[in-house]
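Bear in mind that the values in this text are calculations on the coordinates, not laboratory data. The structure displayed is predicted, hence computed values, not measured ones. Methodologically, a virtual Cβ is constructed for each residue, glycine included, from the backbone with ideal geometry; neighbour enumeration extends over all protein chains shown.
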Amino acid sequence: MANFFLDNKDIQFHLDHPLMKKIVELKEQGFRDKATYDYAPVDFEDAIDSYRKVLEVVGDVAANTIAVNADSVDKEGPRVENDRVIYARGTQENQDMLTQAGVYGISLPRRFGGLNFPLVPYVMSCELVCRADAGFGNIWGLQDCAETLHEFASEEINAEYLPRINKGATAAMDLTEPDAGSDLQAVMLKATPNPDKPGEWLLNGVKRFITNGDGDISLVLARSEEGTTDARGLSLFVYDKNHMAVKVRRIEHKLGIIGSPTCELVFTNAPAKLVGDRKMGLIKYVMALMNSARLGIGAQSVGIMEAAYREALKYANEREQFGKPIIHFPAVYELLTNMKARLQASRALLYETARFVDVYKNYFHLEKERKLEKEERDEMKKYQKLADAYTPLLKLFSSEYCNSVAYDALQIHGGSGFMKDYAIERIYRDARITTIYEGTSQLQVVAAIRGVTTGVLLGQMQGYEAIKPVSELDGQYRTLVTMREQYEEALKTVHEVSAKEGSDADWLDFHARRLVEMGGYIIMGHLLLQQASHPTAGEEYRISAIAFIKEGQAKCSAHLNYIKAFDPDSLGYFKMVLDEKVEA
Amino acid sequence: MNKALKIVVLAKQVPDTRNVGKDAMKADGTVNRAALPAIFNPEDLNALEQALRIKDRLPETTVTILTMGPFRAAEVIREAMFRGADGGVLLTDRKFAGADTLATSYTLACAVKKLNPDLIIAGRQAIDGDTAQVGPQVAEKLGLPQVTYAESIDGIDVQAGEITIRRRLEHGVETVAMRLPGVITVNASAPACRPRNAKMVMKYKHARTVSEVQEQQEDYYMALHKERCYLCIPEWGSGDVDADEASLGLSGSPTKVKKIENIVFQAKEAKHLTGSDGDVEGLIKELIASHTIG
């Protein structure tokens, strides 16, 4: 029987990473649950074995239910009836199946009915589900909202809401409004204390583009401080669908991820509870939620890439032209090799990031129980800093690669790929959103450039350089060192010109994407190089490491040339588009 | 029998005959089990689902898997536990080997008698033998009523000791009532079995029979099994089920395989048909006459 976990050695490889030992120990705290819960692990090996077995369950449902339903879900889509969302038949079946499999609430503590898994296996589950159907992946991934409640809401709210997740309650995060998209400070939906019921708030207003907006549990960003207009007036609330005070006005007609309902919502005196502290909604909680969501899109992108690559590989082997399968032509096998390299590089970055987040989040929860020792606190800070630097890099690269891999996969299908008859047509459409939602690629650059200017990325590169590869890959290692030197030179050039021209921000902004991309090529190159030097699994990654570093080297040189050859005056030429007349 | 039922599900580990390759048969005409993966007989999974649905409605219900086979057949019991069964019994003994449906049903009936359930549910037939005889024979041997071709269990009246069952027959659906205890065999058209449940998988993944524990010789399991008795899958031999040895295994099996032939389908002559009504109608008639469709 097909199984998306068992057929994927690359995912399984990441479950064996040395840092997992620390992650599991932090998560299980001396395996203290073993006496209370019959499904809790007794030691490290037992825990990893459980992750593997549960991922096998997810891999089974993904391959044999979700993937099978993907086509009909794409055609049927959800609909609105009496202000409520009705899922496509297949979507509901997927949901029921995963609920029966008891895998929802995978990262929640056992006392809330969860499985208490670390983030790494949760991210793996997201990848498996998204490979089967990226649209359904959103419904699965929105259990992130439960994690946000777990992090910031009171024990009372958590005891009320979290146990429902494992029983199949779905979630939504209601942030965007017609005039507040990338700029969430502009959120207007109003929250007022209910005069008749202390502790309860009433929500009024409109939300737009809300994924799974009719979910059972919604986190809502709303303006609780009358008269404010900025981020400091916003708080986060939790709303229970059972109140039936939010209507779905319409769902959007989209290019892709059609099975995932994107809703416009009208709140009319909707009762809600405050999550955490007032005024911290956007500044603290939504920022945390967005970071998890970006990691989720990283997983989604890798899942889509996996699906696209496999479709392309299959087709290239089956389709014959000029008397042989088209995979034999250099133009096709070059594409496939580069696709695989991008896929494996993205996955390497995905799990490196997930491990960083995992470590610091575990400390975060531990800190609620007891005071952390100084070295624990330092470690938490270190990993948080790394997670913050890697998350936007991951979102940027994986989603852009997701699109390039889907594009190339469709290209390999030729005319057939343009037809509705092959899965790649849907996969290509589904891929498109990944560079847009949860922060566009352009906004990821704005976040990721901090890792460049603060030197976090450089520090990581130097750290990776301390790890020597197997001797066959010495050449690739030296290339990466050269790329790092180019990166430093590019950054230095930008700083020098900025200092001379006195328009620091503009210059840095203009070249930010180039600098961030250079950083990404080097970091992913190192991760692949390390994997390719693994004593047992190394062979699996050698070709990808060589191909990826080759491409990265070419890109780094090009970016450095562009930056060095850039005349300070020419910034103005790019601005001239502002004067173009827009025809009505 | 107040708020719950005691259910035994009969299940069999079978070679996966749905994906038969070239090496499926050995030269001597017997099944090459090494070449075919061992799986949970598909219709037995439908049977398990029916049992679990009763447990959903009456949560104190217990579902016990009964399977006969070599040591590795314990896989079937674990698989059922991962999906919600409470436990199982492995009937294993060299004396059981070589059994036809008569000897198999005799052995199963002896074990069922010992378990004394309110309801026995089995798949209609196993994909290796395709006889559909074992379920009914168990019922006959125990003197219990039987309902075959079941698709769903619609009503359970525990007080009255009666259940209502929907049967899928060739030309329609029949709803019947049966007094308990009794035997039901379930069709493939019944709802598919639910997936493995994460918590059950983690709880029962170390479930082993005594033989398996001994084979692995790991203190780890020994200690764990002492602490968590639900992890120990009982093994019953001929002595445990008070069976008459002459009726077991090969000696209790009157069925003898006379000959096995390998049928190779060969292409026949091709026929050209146009899309005209006459040709299409002719083809339909021909296919109905040859029982290919209809």
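Per-residue 3J(HN,Hα) values for segment A:330-339, derived from phi via the Karplus relation 6.51 cos²θ - 1.76 cosθ + 1.60 with θ = phi - 60°, read x, 4, 8, 6, 5, 4, 5, 5, 5, 4 Hz in sequence order (x marks Gly and Pro). Among A:LYS374, A:LYS314, a tally of other beta-carbon atoms within 10 Å of each Cβ gives an order, fewest to most, of A:LYS374, A:LYS314. Going from the fewest other Cβ atoms within 10 Å to the most, the residues A:MET1, B:MET222, A:MET97 appear in the order A:MET1, B:MET222, A:MET97.
Karplus-derived 3J(HN,Hα) values for segment A:79-92, using 6.51 cos²θ - 1.76 cosθ + 1.60 with θ = phi - 60°, are 9, 10, 9, 6, 6, 10, 8, 10, 5, 4, 3, x, 4, 5 Hz; glycine and proline are entered as x. Here the gap between A:ASP421 and A:GLU501, fully extended at 0.36 nm per residue and compared with their Cα-Cα distance, gives a gain of 23.2 nm.
Rounded to the nearest 20 debye, the dipole magnitude of segment B:6-252 is 560 debye, with +1 charges on Lys and Arg beta carbons, -1 on Asp and Glu beta carbons, and the Cα centre as origin. Peptides B:45-56, B:144-155 ordered by packing proxy, namely the average of other Cβ atoms within 10 Å per residue, highest first: B:45-56, B:144-155.
For segment B:157-294, the Kirkwood estimate of the hydrodynamic radius, built from every pair of different alpha carbons, is 23.1 Å. Between A:ALA159 and A:ARG319, the contour length at 0.36 nm per residue exceeds the Cα-Cα span by 52.0 nm. Of the three principal axes defined by the Cα atoms of segment A:238-280, the extents in descending order read 38, 23, 15 Å. Which residue, A:TYR573, A:ALA316, A:ILE48, has the largest displacement toward the positive end of the dipole of chain A when charges sit on each Cβ (Lys, Arg +1; Asp, Glu -1)? Positive-end residue among those listed: A:ILE48.
With a 10 Å cut-off around each Cβ of B:188-198, the average count of Cβ atoms from other chains is 5.
Highest mean packing comes first when the peptides B:224-231, A:320-327, A:475-482, A:210-217 are listed by Cβ atoms within 10 Å, giving A:210-217, A:475-482, B:224-231, A:320-327. All Cα-Cα distances of segment A:1-137, cut into 5 Å bins from zero to the largest, leave 2, 10, 19, 20, 16, 13, 9, 5, 4, 1, 0 percent in each bin in turn. Computed 3J(HN,Hα) for segment B:170-184, one whole-Hz value per residue from the Karplus formula 6.51 cos²θ - 1.76 cosθ + 1.60 where θ = phi - 60°, is 4, 10, x, 10, 10, 10, 10, 10, 9, 7, 9, x, x, 10, 10, glycine and proline marked x. Take each residue of peptide B:199-210, count the partner chain Cβ atoms within 10 Å of its Cβ, and average: the result is 5. Net charge dipole, segment B:197-255: roughly 560 debye, given to the nearest 20, about the Cα centre with Cβ charges of +1 for Lys and Arg and -1 for Asp and Glu.
Based on alpha carbons, the Rg and Dmax found for segment B:1-127 are 15.5, 55 Å. Restricting attention to segment B:6-252, close to 40% of DSSP beta bridges with both partner residues there are antiparallel. Across all Cα atoms of segment A:150-238, the radius of gyration (one decimal) and Dmax (whole number) stand at 13.7, 40 Å. For segment A:552-584 and segment A:149-193, compute the distance between their C-alpha centroids and round to whole Å. Spelled out, the Cα-based centre of one part sits 41 Å from the other. Most simply put, the protein assembly as shown has about 65% antiparallel DSSP beta bridges, counting only bridges with both residues inside it. Taking 7 Å steps out from each Cα toward its Cβ at B:SER211 and A:SER182 produces label points 6.7 nm apart.
Were the residues from A:ASN82 through A:MET576 laid out at 0.36 nm apart, the gain over their Cα-Cα distance would be 172.8 nm. For segment A:471-584, the C-alpha radius of gyration sits at 1.38 times the compact-globule guess of 2.2 N^0.38 Å, with N the residue count. The equivalent ellipsoid of segment B:218-294 has semi-axes of 58, 25, 14 Å, largest first, where each one is the square root of 5 times an eigenvalue of the Cα gyration tensor.
Dipole magnitude for the protein assembly as shown: computed about the Cα centre from +1 point charges on Lys and Arg Cβ and -1 point charges on Asp and Glu Cβ, it is near 680 debye. Taking amide H as placed 1.01 Å from N in the peptide plane, B:ILE121 has its amide H under 5 Å from the amide H of B:VAL8, B:VAL9, B:LEU10, B:ILE184, each at least 5 places away in sequence or on another chain. Taking each DSSP H run with n ≥ 4 as -39500 (n - 2.57) and averaging over every residue of the protein assembly as shown yields -15500 deg cm²/dmol at 222 nm. Set the Cα radius of gyration of segment B:6-252 against 2.2 N^0.38 Å, with N its number of residues, and you get 1.00. B:GLU245 to B:LYS285: FRET efficiency via 1/(1 + (r/R0)^6), r the Cβ-Cβ distance, R0 41 Å, to the nearest 0.05? Result of the calculation: an efficiency of 0.15. Taking all C-alpha pairs of the protein assembly as shown, those more than 48 Å from each other amount to 32 percent.
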